[in-house]
Structures are given as C-alpha cells and as structure tokens.
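To start, the structure itself, in structure tokens.
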Amino acid sequence: MTHVNVADLTIGNDRPLTLIAGPCQLESVDHAQMIAGKMKEACDAAGAQYVFKASYDKANRTSLSGVRGMGIDAGLKALQSVGKAIGVPVLTDVHSESQCAIAAEVADILQIPAFLCRQTDMLLAAGNTGAAINVKKGQFLAPWEMPNIVTKIESTGNKRILLTERGTTFGYNALVADMRSLPQMAQTGYPVVMDATHSVQQPGGQGGSSGGQREFAPVMARAAVALGVAAVFIETHDDPDNAPSDGPNMIYLDDMPKLIDVLMQLDAVAKANPVTL
C-alpha cells in the first residue's frame, strides 16, 4: 500500500482520514483564508488531516458567461497566502500542460480534472513536476481503467498519486456513484479519494449552469468513509446559494464540524476493519 506524503501529512488508505475541502473557486484572499482557517480548526478538533482546495480558474463552466475565478497569477498568490497564513497544504486544478510547472511552484497537490484524466500530455506534464497528483476519474471511465492513468504518471518517476471518484454519467444531467469503484481503485495501492460534492452534481442541469443535490453530499461522504478511503473531497462555502459556481452541491461551512466528527468516527471503524476483495 502506497502512502503519499504531502507537506507534513501522510495520506493513505490505512491512515487517518484526510479532508480535502474549500470553495469551488477562489473569490478573494480573505475569503479563502477564512474558509481554510475554519476548516483547519474543525479538522484539528476531530483529529482529521486537512488540505485546502480551490480553483484559480473554472475552465469547464457550462456557459461562456459563467464566472471563472481569479486567474492563475492572482489565484496562485491567494493559494500561497493560505498555505503560509493557515499552515496547510493546498490543492488546485490545472487545465493545460503549460500550467503544471507554474502551479506546482505553489500547490502541494495538482489536480487533473475529470474531463482531462486521459490526456497523456497533461498527465506527463503534471507528473514531471514532482508534485503530488490527484486524478479525478472521468465520468466516462470505469474504475478498472484507472491503472492505465497510473502507469502514465508513474512513467515520469512520480509515484505521489491520488485517485478520486466523482460519479459516473447516468443519462442526461445526472451522475451515479458506484461505491464498488473505491475498493477497486484501491487495488492499485494508491490512496483513494471520494468527491462527495461533485458526485451529487447535476451537470448542466440548470441550462446555463450545473445543478446539484446538496442534501446528499454528506450521505456520499459517510458511505465512502465507511469503506475505508484515504480522503474525502468536499466543496464548502459560507453562503453556497450565492457562490459563483457549484453552489447547489456545496455544503454549508457551518455544517462541516459536525459532519467531520461523524466521518472520523466512521473512519476509525473502517480502518480497524479494512475491506478486502
């Protein structure tokens, strides 16, 4: 079983749960630091490891008019400020090969978006940075196809890999999460992550933007943690209904401490009784 070291954290399927959480997109330095600070406090209190996540650019918005974020220059400065001020590792998406090396100067974990997970040049560019790489499984992929993606990144000499389940396309504007994919992907030996909020997204469900079923995000998180995953990915916001993107599936920031407490209780049981296939 492979462990991935990120800053002072050790992430693994047999390690205490890691929360990867933050807003969908960066809005301001103060807002990012506020969310990171509250999340770190909640995770520290519950005994969870914490990584802050946010995107400097939402390059796959449903509509051309969708707000995309702060941009790479301002966004990376904001992420750097979060890392230094709050003392947590940070994760962000990359959208092209040219962004990988630039983002890796700041981000501890580079995230490959689901739509780009089979793009060989993207995977090689990300792997070559030496940063930890979190790959979101495409909505169009079966879990047993993920070893092909792992092999591409490993070819760079980089074995700091995380694999994330975020749901599978199920007809128009709908996703379904198959929990069998979590232990199946864990057979690669690499840490597995459950994206609890994007798995309840309704892509393009509002015509010009995506919808979501926020009420089911904690359900997805609880189910995944009960299987013994390395980490849970959750987007959270103080005012999701007025967030610039993905508001319908983000969890209220005030609800996170209680959820984290429950997840850590489930995690303890799962890690003491690991699933075997």
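For the stretch 167-176, does any single residue satisfy the condition of being part of a loop (DSSP other than H, G, I, E, B), in contact with a Gly (Cβ under 7 Å, 6 or more places away or on another chain) and open to solvent by 20 Å² or more (accessible area, probe 1.4 Å)?
There is at least one residue in the stretch 167-176 that is part of a loop (DSSP other than H, G, I, E, B), in contact with a Gly (Cβ under 7 Å, 6 or more places away or on another chain) and open to solvent by 20 Å² or more (accessible area, probe 1.4 Å).
For the stretch 31-50, give me each residue that is open to solvent by less than 10 Å² (accessible area, probe 1.4 Å) and closer than 22 Å to G71 by Cβ.
Scanning the stretch 31-50 gives A32, I35, A36.
Answer yes or no: is there a residue in the stretch 110-118 that is surrounded by fewer than 21 Cβ atoms within 10 Å (Cβ to Cβ), of a type outside the set (A, V, I, L, M), more than 15 Å from the chain's Cα centre (by Cα) and farther than 25 Å from T10 by Cα.
Yes, the stretch 110-118 contains at least one residue that is surrounded by fewer than 21 Cβ atoms within 10 Å (Cβ to Cβ), of a type outside the set (A, V, I, L, M), more than 15 Å from the chain's Cα centre (by Cα) and farther than 25 Å from T10 by Cα.
Residue-wise test of (1) crowded, with 20+ Cβ neighbours inside 10 Å; (2) in contact with a helix residue (DSSP H, G or I) (Cβ under 9 Å, 6 or more places away or on another chain).
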position	(1), (2)
D121	no, yes
A126	yes, yes
K136	yes, yes
E145	no, no
I153	yes, yes
T156	no, yes
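Are any residues in the stretch 9-30 open to solvent by 10 Å² or more (accessible area, probe 1.4 Å) and either in contact (Cβ under 8 Å) with a residue 40 or more places away in the chain or in contact with a Lys or Arg (Cβ under 7 Å, 6 or more places away or on another chain) (or both), and if so, which ones?
Within the stretch 9-30, L9, N13, D14, R15, P16, E27, S28, V29 meet the criteria.
As an exercise: evaluate P257 against (1) in a helix (DSSP H, G or I); (2) within 17 Å of the chain's Cα centre (by Cα) and give the number of the one condition it does not meet.
Of (1) in a helix (DSSP H, G or I); (2) within 17 Å of the chain's Cα centre (by Cα), only one is false for P257: (2).
Quick grid of which residues meet (1) crowded, with 21+ Cβ neighbours inside 10 Å; (2) among the aliphatic types (A, V, I, L, M); (3) part of a strand (DSSP E or B):
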position	(1), (2), (3)
L162	yes, yes, yes
L182	yes, yes, no
E215	no, no, no
V219	no, yes, no
R222	no, no, no
V232	yes, yes, yes
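Please name all residue pairs, on different chains or six or more residues apart, with Cβ atoms under 6 Å, provided the first residue is in the stretch 190-201 and is aromatic (F, W, Y) and the second residue is open to solvent by less than 10 Å² (accessible area, probe 1.4 Å).
Short answer, once both residue conditions are applied: Y190/I161; Y190/L163.
The values are calculated or read from the model by the stated rules, or taken from the named source; none is laboratory data. Predicted, not measured: the structure shown is a model, and the values here were computed from it. Please note: Cβ atoms are built from the backbone with ideal geometry, for glycine as well, and neighbour counts cover all protein chains shown. Ligands, DNA and RNA are stripped out before the accessible areas are found, and what is left, the full protein with its side chains, is counted by its heavy atoms. Shrake-Rupley method; radii C 1.70, N 1.55, O 1.52, S 1.80 Å.
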